[in-house]
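*Asks:* Dumping the structure here so I can ask a few things about it.
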Amino acid sequence: MDITALIIQLASGAAGGNIAGKLLKNFSLGPVGNSIVGILGGGLGGQILGMLGIGGSGQGGPDLASILSSIAGGGVGGGVLMAIIGVIRKAIGK
């Protein structure tokens with residue numbers, strides 16, 4: 001795992017968390033909360049894809065496929081974790 005892929009995953013995780021927050025207004029944690037949870041989810045999602053062998057290897061420098069897989073893994077991971085945390089927070093609040 002190189003640092004470039006990690007930065008891409010974290011940034012796309014923040015974006016994914018905020019997009020999920022906009023789509024799922026009932027479960028939104030606010031812009032800062034969505035970003036923080038999205039960053040965590042982006043890092044986790046990218047790492048999981050890397051362990052499964054779906055992410056780019058990062059060997060020989062970043063290529064388009066590894067960048068796109070980092071964006072997809074980070075964005076999806078950020079959105080999914082934000083939705084899970086939002087549902088849990090909503091359930092606890094009732």
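The values are calculated or read from the model by the stated rules, or taken from the named source; none is laboratory data. Not measured: the values here are computed from a predicted model. Note: ideal-geometry Cβ built from the backbone for every residue, glycine included; neighbour counts use all protein chains shown.
*Asks:* For segment 60-94, name all the residues that are in contact (Cβ under 8 Å) with a residue 24 or more places away in the chain and among the polar types (S, T, N, Q).
*Replies:* Within segment 60-94, 66, 70 qualify.
*Asks:* Restricting the search to segment 4-50, which residues are more than 14 Å from residue 74 (Cβ to Cβ) and more than 14 Å from the chain's Cα centre (by Cα)?
*Replies:* Residues satisfying the conditions are 22, 23, 24, 25, 26, 27, 28, 29, 30, 31, 32.
*Asks:* OK, next. Could you tell me which numbered condition residue 20 fails, if it satisfies all but one of (1) small (Gly, Ala, Ser); (2) buried (at least 17 other Cβ atoms within 10 Å of the Cβ); (3) out of contact with any helix residue (DSSP H, G or I) (no Cβ under 8 Å at 6 or more places or on another chain)?
*Replies:* (3)
*Asks:* Something else now. Would you check which residues across segment 31-47 are within 18 Å of residue 3 (Cβ to Cβ) and either at pLDDT below 90 or of a type in the set (S, T, N, Q) (or both) and list them?
*Replies:* Taking segment 31-47 as the starting set, the residues that turn out to be within 18 Å of residue 3 (Cβ to Cβ) are 39-40, 42-47.
If the condition is that a residue be within 18 Å of residue 3 (Cβ to Cβ) and either at pLDDT below 90 or of a type in the set (S, T, N, Q) (or both), then 45, 46, 47 are the ones that fit.
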